[in-house]
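Engineer: Take this structure, written in structure tokens, and hold onto it; I'll ask about it next.
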Amino acid sequence: MSNYNIQEMIQKNKSNKGAGFEKLIPVILLIITSISVLATIGILYTLISQSLEFFNRESFVQFFTSATWQPYSSEPEFGIWALVMGTLKVVVIATIFAVPIGLGAAIYLSEYASERAKKIIKPILEVLAGIPTVVYGFFAINFVTPFLQSLYSGISLYNAVSAGLVVGIMIIPMIASLSEDAMSSVPNSTREGSLGLGATKLETTFKVVLPAAISGIIASVVLAVSRAIGETMIVSIAAGSTPNASLDITSSLQTMTGFIVQITSGDAAYGSSLYFSLFAVGMTLFLFTFVMNIISQWVSKRFREEY
Amino acid sequence: MANIKEKNTITKPVDNTTLEETTQGEKKTEIIREPIFKTNNFNLWYGDNHALQDINLTFNKNEISAIIGPSGCGKSTFVKSLNRMVELVPVVRTEGEILYRDQDIFEKKFTVEELRTKVGMVFQKPNPFPKSIYDNVAYGPRVHGIRKKKVLDEVVEKSLCDAAIWDEVKDRLHENALGLSGGQQQRICIARALATEPDVILMDEPTSALDPISTTKVEDLMQQLKKDYSIVVVTHNMQQAARVSDTTAFFYQGYVVEHDETKVIFENPRDQRTEDYVSGRFG
Ligand SMILES: Nc1ncnc2c1ncn2[C@@H]1O[C@H](COP(=O)(O)OP(=O)(O)O)[C@@H](O)[C@H]1O
Ligand SMILES: [Mg+2]
């Protein structure tokens with residue numbers, strides 16, 4: 001027997017702990033959690049109320065049907081499609097560029113790369129994901145645009161291709177890394193099942209691993225597209241500030257985010273239609289990312305595979 | 001304990017001899033035995049771990065060849081060598097020959113895909129693809145270029161029938177195979193292996209994850225399949241080996257201690273270690 005009475009010591013320490021503090025913990029945690037919930041509600045409230053104010057002044061129908069965005073003119077016209085088209089052009093180019101490359105990288109990392117190669121490449125991807133977007137914008141206007149112009153002189157300084165490609169580069173790591181996670185979580189026994197039937201590695205990858213990981217892959221793409229829709233700095237620097245709904249990808253345009261940056265950093269008088277239009281555009285932008293979010297949740301529920 | 005390390009292998013040559021099969025003590029039937037797999041001084045290393053040492057075994061056509069032994073003795077490694085699945089482990093190195101129908105499977109002109117199309121495998125843990133039952137079974141034929149729906153329908157039905165699971169799943173062929181019970185999943189995996197009409201089926205402890213009723217079903221199934229296929233089955237259930245197999249090889253610490261008719265291994269083994277193992281004195 002030891003010289004100490006452990007049970008006695010435990011009892012003594014227990015009484016010192018203070019049961020009151022223990023009871024306070026959930027309350028404190030609830031308050032902390034509420035902060036983020038309240039912030040979200042506050043932002044949504046502002047967006048909605050100010051947007052309503054905008055629609056009090058300007059035509060609701062015009063906003064959603066017109067493709068002309070001329071907020072400064074003496075007869076201002078607020079047709080959101082001009083800005084939506086700008087956003088879509090950049091997003092579509094970015095997606096077309098980033099999805100094959102991101103998926104290719106994911107396939108390589110998950111199915112082909114040695115542990116060593118993986119150890120080197122994954123951190124590089126993470127660094128790429130950590131570069132501030134202003135640096136990407138800088139890269140677009142100083143390197144990508146001149147390079148594109150050297151290929152085809154019809155491209156103007158501000159254009160959708162350069163911005164789209166660089167937004168694409170920005171979202172590649174996200175697609176690659178999340179898709180790689182999804183593919184790596186497919187158990188090896190599933191691959192062995194396929195290889196054991198005489199399928200090649202490539203057949204196994206495309207016919208078994210990709211379908212099994214499809215929900216994670218789609219979710220990664222949806223998330224990356226949301227990111228591209230909300231991307232601001234690159235498009236502000238490289239896409240221009242000319243709202244238009246044309247399909248031309250070689251000339252200047254403006255995205256929803258680009259417009260918001262331009263006006264908030266400029267001179268919108270408080271209480272003017274221009275000022276309130278910010279909130280209507282913000283609301284539209286929010287709807288876009290909200291829908292993407294819903295899609296992503298639906299997809300991961302719909303295609304989830306249980307092992 | 002000293003002699004347990006000693007590597008004296010007793011293997012009676014079981015190829016090209018005759019098996020005297022006594023049916024209820026009546027008349028003796030003679031069956032010509034034709035070897036399907038033969039290994040010559042086969043050795044395998046995982047890095048520095050010499051996992052298989054000088055394996056010389058012969059398995060015959062239309063027989064069930066059982067491999068028994070304590071865990072870690074190299075049973076899985078050996079059976080995965082027969083279809084070269086073991087090479088998926090990057091540090092694996094092999095030496096010696098494995099002849100499949102007299103052809104060395106490590107020869108360049110023989111691709112692993114060809115080999116695995118001939119030598120199918122059923123794994124320890126049921127591993128159906130996260131696809132429908134139909135797509136699971138049709139997977140092999142499809143990978144090998146069979147596209148016609150009529151052919152696939154027929155192959156799927158036949159394979160599921162042969163795997164004794166058709167009646168249980170015929171009304172839900174397009175449901176996800178992962179929704180089935182473990183025993184059903186394992187029979188789907190057997191059906192999937194049968195669908196490419198292989199020559200040999202390797203089974204690595206196919207019933208160890210199953211309940212007793214499913215186990216009995218799979219064992220009965222193996223007896224049925226023996227008519228058309230040659231089966232190599234790893235088991236660490238001794239009763240199972242005794243019940244289903246024609247020959248049994250006892251592996252111990254990476255080498256074959258004894259290989260003989262199952263009856264001999266279980267009733268009259270030559271090596272003390274075999275006797276100790278089959279009588280349950282160690283394992
Ligand atoms: N993937 C692997 N990498 C390294 N060593 C392995 C691997 N698989 C098995 N081994 C080793 O090979 C030996 C035999 O293992 P295994 O064939 O799985 O035995 P059994 O199936 O009889 O239980 C063991 O010593 C084990 O540690
Ligand atoms: Mg094993």
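Engineer: Just to be sure I understand the filter: pairs with C-beta atoms under 6 Å, separated by 6 or more residues or on different chains, first member in region B:169-181 and at negative phi, second member assigned to a loop (DSSP other than H, G, I, E, B) and surrounded by 14 or more Cβ atoms within 10 Å (Cβ to Cβ). Which pairs pass?
Structural biologist: B:ALA177/B:PRO128; B:LEU178/B:PRO130
Engineer: Separate question: So B:SER65 clears everything in (1) within 16 Å of ligand 1 (Cβ to nearest atom); (2) within 14 Å of chain A (Cβ to nearest Cβ); (3) within 19 Å of B:LEU194 (Cβ to Cβ) except one condition, right? Which one?
Structural biologist: Of the numbered conditions (1) within 16 Å of ligand 1 (Cβ to nearest atom); (2) within 14 Å of chain A (Cβ to nearest Cβ); (3) within 19 Å of B:LEU194 (Cβ to Cβ), the odd one out for B:SER65 is (2).
Engineer: While we're on this one: Evaluate region B:132-139: report whether one residue or more is part of a strand (DSSP E or B) and within 16 Å of ligand 1 (Cβ to nearest atom).
Structural biologist: Step one: filter region B:132-139 for residues part of a strand (DSSP E or B), giving B:132.
Filter again for within 16 Å of ligand 1 (Cβ to nearest atom), leaving none.
No.
Engineer: Also, I was wondering about something else. Conditions first: (1) within 30 Å of B:HIS144 (Cα to Cα); (2) without any contact (Cβ under 8 Å) to a residue 60 or more places away in the chain. B:LEU225 passes all but one, so which condition is the exception?
Structural biologist: (2)
Engineer: Of the conditions (1) more than 14 Å from chain A (Cβ to nearest Cβ); (2) more than 16 Å from ligand 2 (Cβ to nearest atom); (3) under 23 Å from A:GLU192 (Cβ atoms), B:PHE251 clears all except one; give me its number.
Structural biologist: For B:PHE251, the failing item is (2).
Engineer: What number of residues within region A:119-163 are in a helix (DSSP H, G or I) and either in contact (Cβ under 8 Å) with a residue 12 or more places away in the chain or touching a Leu at 6+ places or on another chain (Cβ under 6 Å) (or both)? It would help to see each step written out before you state the result.
Structural biologist: So in region A:119-163, the residues in a helix (DSSP H, G or I) come out as A:119-130, A:133-151, A:160-163.
When the remaining residues are screened for being either in contact (Cβ under 8 Å) with a residue 12 or more places away in the chain or touching a Leu at 6+ places or on another chain (Cβ under 6 Å) (or both), the result is A:121-122, A:125-126, A:128-129, A:133-134, A:136-141, A:144-145, A:148, A:160-163.
Of the residues in that region, 21 qualify.
Engineer: Quick one: which residue in A:LEU197, A:LEU165 is buried (at least 21 other Cβ atoms within 10 Å of the Cβ), touching a Phe, Trp or Tyr at 6+ places or on another chain (Cβ under 8 Å), more than 14 Å from chain B (Cβ to nearest Cβ) and at pLDDT 95 or above?
Structural biologist: Values: A:LEU197 fails: more than 14 Å from chain B (Cβ to nearest Cβ).
The conditions single out A:LEU165.
Engineer: Among the residues of region B:41-62, count how many are away from ligand 1 (no atom under 13 Å from the Cβ), part of a strand (DSSP E or B) and surrounded by fewer than 24 Cβ atoms within 10 Å (Cβ to Cβ).
Structural biologist: Of the residues in region B:41-62, the ones away from ligand 1 (no atom under 13 Å from the Cβ) are B:41-42, B:54, B:56-62.
After this cut, where a residue has to be part of a strand (DSSP E or B) as well, the list is B:41-42, B:54, B:58-60.
Right, trim to surrounded by fewer than 24 Cβ atoms within 10 Å (Cβ to Cβ) and you get B:41-42, B:54, B:58, B:60.
The total comes to 5.
Engineer: Another question, then. Out of the residues in region B:69-91 that are facing another protein chain (nearest Cβ under 10 Å) and in a loop (DSSP other than H, G, I, E, B), which is nearest to ligand 1 (Cβ to nearest atom)?
Structural biologist: B:PRO90
Engineer: Whether any residue in region A:217-228 is within 14 Å of chain B (Cβ to nearest Cβ), in contact with a helix residue (DSSP H, G or I) (Cβ under 9 Å, 6 or more places away or on another chain) and either farther than 30 Å from A:TYR152 by Cβ or not charged (D, E, K, R) (or both) is what I want to check.
Structural biologist: Quick first cut of region A:217-228, residues within 14 Å of chain B (Cβ to nearest Cβ) only: A:217.
Restricting the remaining residues to those that are in contact with a helix residue (DSSP H, G or I) (Cβ under 9 Å, 6 or more places away or on another chain) gives A:217.
Retained after the next criterion (residues that are either farther than 30 Å from A:TYR152 by Cβ or not charged (D, E, K, R) (or both)): A:217.
Yes, there is a match, as at least one residue in region A:217-228 is within 14 Å of chain B (Cβ to nearest Cβ), in contact with a helix residue (DSSP H, G or I) (Cβ under 9 Å, 6 or more places away or on another chain) and either farther than 30 Å from A:TYR152 by Cβ or not charged (D, E, K, R) (or both).
Engineer: OK, next. Does region B:255-278 include one or more residues that are under 19 Å from B:GLN124 (Cβ atoms), at pLDDT below 95 and within 16 Å of ligand 2 (Cβ to nearest atom)?
Structural biologist: Here is the first cut: in region B:255-278, the residues under 19 Å from B:GLN124 (Cβ atoms) are none.
The answer is no; no qualifying residue exists.
Engineer: Given the conditions (1) outside any loop (DSSP other than H, G, I, E, B); (2) away from ligand 2 (no atom under 16 Å from the Cβ); (3) more than 14 Å from chain A (Cβ to nearest Cβ); (4) not hydroxyl-bearing (Ser, Thr, Tyr), and given that B:ALA164 satisfies all but one, which numbered condition is not satisfied?
Structural biologist: With respect to (1) outside any loop (DSSP other than H, G, I, E, B); (2) away from ligand 2 (no atom under 16 Å from the Cβ); (3) more than 14 Å from chain A (Cβ to nearest Cβ); (4) not hydroxyl-bearing (Ser, Thr, Tyr), B:ALA164 is out only on (1).
Engineer: Can I ask one more? Across region B:92-102, what is the number of residues that are near ligand 1 (Cβ under 8 Å from one of its atoms) and either within 14 Å of another protein chain (Cβ to nearest Cβ) or closer than 14 Å to B:GLY120 by Cα (or both)?
Structural biologist: Looking only at that region, the number is 0.
Engineer: Restricting the search to region B:178-219, which residues are of a type outside the set (D, E, K, R), surrounded by 20 or more Cβ atoms within 10 Å (Cβ to Cβ), assigned to a loop (DSSP other than H, G, I, E, B) and within 16 Å of ligand 2 (Cβ to nearest atom)?
Structural biologist: B:PRO206, B:THR207, B:LEU210
Engineer: Suppose we filter region B:139-157 for residues that are among the aliphatic types (A, V, I, L, M) and within 11 Å of chain A (Cβ to nearest Cβ); how many remain?
Structural biologist: Narrowing region B:139-157 to residues among the aliphatic types (A, V, I, L, M): B:143, B:146, B:151-152, B:155-156.
Of the ones still in play, those that are also within 11 Å of chain A (Cβ to nearest Cβ) are B:143.
Qualifying residue count, region B:139-157: 1.
Engineer: Which number in (1) touching a helix residue (DSSP H, G or I) at 6+ places or on another chain (Cβ under 8 Å); (2) assigned to a helix (DSSP H, G or I) marks the one condition that A:TRP298 misses?
Structural biologist: (1) is the only condition that A:TRP298 fails.
Engineer: Being basic (Lys, Arg) and touching a Leu at 6+ places or on another chain (Cβ under 7 Å) is the filter here, so list the residues in region B:63-91 that pass it.
Structural biologist: Restricting attention to region B:63-91, the residues satisfying the condition of being basic (Lys, Arg) are B:75, B:80, B:84.
Result: B:ARG84, single match.
Engineer: Quick one: would you say B:GLU30 is away from ligand 2 (no atom under 16 Å from the Cβ), more than 23 Å from B:GLU275 (Cβ to Cβ), within 14 Å of another protein chain (Cβ to nearest Cβ) and modelled with pLDDT under 95? Quick ask: steps written out before the conclusion?
Structural biologist: Details: away from ligand 2 (no atom under 16 Å from the Cβ): yes; more than 23 Å from B:GLU275 (Cβ to Cβ): yes; within 14 Å of another protein chain (Cβ to nearest Cβ): no; modelled with pLDDT under 95: yes.
No, not satisfied.
Engineer: Only one residue in A:SER273, A:SER265 is away from every other protein chain (no Cβ under 14 Å), at negative phi and touching a Pro at 6+ places or on another chain (Cβ under 7 Å). Which one? Don't jump to the end; show me each part of the working.
Structural biologist: Numbers: A:SER265 fails: touching a Pro at 6+ places or on another chain (Cβ under 7 Å).
On inspection, the qualifying residue turns out to be A:SER273.
Engineer: With (1) of a type in the set (Ser, Thr, Tyr); (2) within 13 Å of ligand 2 (Cβ to nearest atom); (3) surrounded by fewer than 21 Cβ atoms within 10 Å (Cβ to Cβ) as the list, and B:SER81 as the residue in question, which single condition is left unmet?
Structural biologist: Only one criterion in (1) of a type in the set (Ser, Thr, Tyr); (2) within 13 Å of ligand 2 (Cβ to nearest atom); (3) surrounded by fewer than 21 Cβ atoms within 10 Å (Cβ to Cβ) is unmet by B:SER81, namely (3).
Engineer: Restricting attention to region B:103-114, and to residues there that are away from chain A (no Cβ under 11 Å) and in contact (Cβ under 8 Å) with a residue 12 or more places away in the chain, which single residue is farthest from B:THR235 (Cα to Cα)? Even if it seems obvious, please write down each step before you answer.
Structural biologist: Pass one, region B:103-114, residues away from chain A (no Cβ under 11 Å): B:103-110.
Imposing the further condition that a residue be in contact (Cβ under 8 Å) with a residue 12 or more places away in the chain reduces the set to B:105-106.
Working: B:ILE105: 24, B:PHE106: 26 Å.
Residue satisfying both the conditions and the ranking: B:PHE106.
Engineer: Another question about this same structure. So which residues in region B:115-137 are among the small types (Gly, Ala, Ser) and either buried (at least 24 other Cβ atoms within 10 Å of the Cβ) or within 7 Å of chain A (Cβ to nearest Cβ) (or both), if there are any at all? Spell out how you get there, then give the answer.
Structural biologist: Within region B:115-137, the subset among the small types (Gly, Ala, Ser) is B:120, B:132.
Hit for region B:115-137 is B:GLY120, nothing else.
The values are calculated or read from the model by the stated rules, or taken from the named source; none is laboratory data. None of these values were measured; they are calculated from a predicted model. Reconstructed Cβ throughout: ideal geometry from the backbone, glycine too, with neighbour counts over all protein chains shown.
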